[in-house]
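The block underneath contains the structure these notes are about, expressed in structure tokens.
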Amino acid sequence: MKRWISRLALPLLLLLFTSQAAGQPEPIKVGITTVPPFVMETDSGEWEGISIDLWRQVVEGLDREYTFVPLSFSDLLTQVESGQVDVAVGALTMTAEREAAFDFTHPFYQTGLSIAVPPAPEQGLLASLRALISWQFMSVVIALGGLLLAVGFVLWLFERRRNPEQFGGTAVQGIGASFWWAAVTMTTVGYGDKAPVSLAGRMVALVWMFAGLIMVASFTAAITSSLTVSNLQYQIQGPDDLNRANVATIANTASEQYLQDQRIRHQLYPDLTSAMLSVANGETDAVVYDRALLQYRNLQLGDKRLTLLPGIFQQQLYGLALPSESPLRGPVSEQILEVTESSGWKDIVRRYLGRE
């Protein structure tokens, strides 16, 4: 009898264990891709971000186990479409094209494209004085002074004996007088108090007159161009002003598609930080991208922080993606509504994006 009991006990235990295991659903495979501040990996290998915090609250309401599956963005879309992952968590924009390939939950974040421009320059007397004593301005002045001194010295060599009344005296006095002549001739002021009399001196004067005209014209054009670019940057107030600007953005994104559709001149960069730094360094006039991501990256730029213009355009909605006809869609959407309608949701968003 004991032998029969022992023989039956093992199969019964195995059957009981199998039935219990079959009754518990498998962990949810959660596909993720790095997209700060929605999905980020910490130095310790943990995952955090707006979407990650949202998912943890959602899955807590579902009372389910889950595992994160890090993927590239392209692989994330492919695997959610094929059902290799049960849900994709990130900053996925809800579009008609994607809705045809897989399903979305209720949207959890509303955003849109936004514009970041360089911060407005300081105004007033102090800002003007700072510009006058900047190294860029002083280097131009020093280079110009050196050129005037060189021209004046050449003229003094020819005039010091033939024209001692105007360029005579000690070497310092003569070179000083010729330096003065070179300056007033270049600026076309031409007081007439000094003029060369020797043939060689007049040849130098003739060449310098034409060279001075070219130099003044080039200098004026450079300043005008610089002011035009500077003013252009600070006159961008919205999407309608982008047609006359050089805009930075990221390749293969909704922002690039918008700029192409509007036929706005733009440059592509590999990541958002590079695009924003191109604006800060004066390579481009503005950057166009998702406002939430612009807002987050801008907090990390330090002294190169840009100015985000108010308002958004090309409105976008973010949602979690699931394979078509997934049974999780309804329960997950219900939990998303509960989380986003709670008082703590704004605190989560503010923690990563700061205040507007």
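Filtering region 275-287 to residues that are under 14 Å from R265 (Cα atoms) and in contact with an Asp or Glu (Cβ under 9 Å, 6 or more places away or on another chain) leaves only A286. Of the candidates P196, P239, the single residue that is modelled with pLDDT of 80 or more and over 19 Å from L148 (Cα atoms) is P239. Taking the criterion of being closer than 19 Å to H106 by Cα, aliphatic (A, V, I, L, M) and outside any helix (DSSP H, G or I), the residues of region 37-92 that qualify are V39, V85, V87, A88, V89, A91, L92. Here region 315-339 is the region considered, the condition is being part of a helix (DSSP H, G or I), within 21 Å of T95 (Cα to Cα) and in contact with a Leu (Cβ under 8 Å, 6 or more places away or on another chain), and the residue that is most open to solvent (accessible area, probe 1.4 Å) is R329. Taking every residue in region 62-86 that is closer than 20 Å to E325 by Cα and pairing it with any residue that is assigned to a strand (DSSP E or B) and of a type in the set (K, R), at least 6 positions away or on another chain, the pairs with Cβ-Cβ distances below 7 Å are V85/K29; D86/K29. Among the residues that make up region 3-11, is at least one of them open to solvent by 50 Å² or more (accessible area, probe 1.4 Å) and either basic (K, R) or modelled with pLDDT of 90 or more (or both)? Within region 3-11, one or more residues are open to solvent by 50 Å² or more (accessible area, probe 1.4 Å) and either basic (K, R) or modelled with pLDDT of 90 or more (or both).
Each residue in region 176-191 was checked for being open to solvent by 40 Å² or more (accessible area, probe 1.4 Å) and closer than 14 Å to V204 by Cβ, and 1 pass.
If we only count strands (runs of 3 or more DSSP E) wholly inside region 232-314, which ones have 1 or more residues that are open to solvent by 40 Å² or more (accessible area, probe 1.4 Å), more than 22 Å from V39 (Cα to Cα) and in contact with a helix residue (DSSP H, G or I) (Cβ under 9 Å, 6 or more places away or on another chain)?
On the way: elements: 247-250, 266-269, 286-290.
Hits in region 232-314: 266-269.
Can you name the residue in region 199-236 that is among the aromatic types (F, W, Y) and at pLDDT below 80 and, of all such residues, is nearest to the chain's Cα centre (by Cα)? Explain how you work it out, then say what you get.
Restricting attention to region 199-236, the residues satisfying the condition of being among the aromatic types (F, W, Y) are 208, 210, 219, 234.
Adding the requirement that they be at pLDDT below 80 leaves 219, 234.
Details: F219: 31, Y234: 16 Å.
Ranking the candidates gives Y234 first.
Take region 152-161 and flag every residue that is crowded, with 16+ Cβ neighbours inside 10 Å and more than 59 Å from the chain's Cα centre (by Cα). If the condition is that a residue be crowded, with 16+ Cβ neighbours inside 10 Å and more than 59 Å from the chain's Cα centre (by Cα), then R160 is the only one that fits. Evaluated against (1) touching a strand residue (DSSP E or B) at 6+ places or on another chain (Cβ under 9 Å); (2) of a type in the set (D, E); (3) farther than 23 Å from G330 by Cβ, E65 falls short on exactly one condition, (3).
The values are calculated or read from the model by the stated rules, or taken from the named source; none is laboratory data. No experiment lies behind these values; they were computed from the predicted model shown. So basically every Cβ, Gly included, is an ideal-geometry build from the backbone, and we count neighbours across all protein chains shown. What goes into the accessible areas is simple: the full protein's heavy atoms, side chains included, and nothing from ligands, DNA or RNA. Shrake-Rupley method; radii C 1.70, N 1.55, O 1.52, S 1.80 Å.
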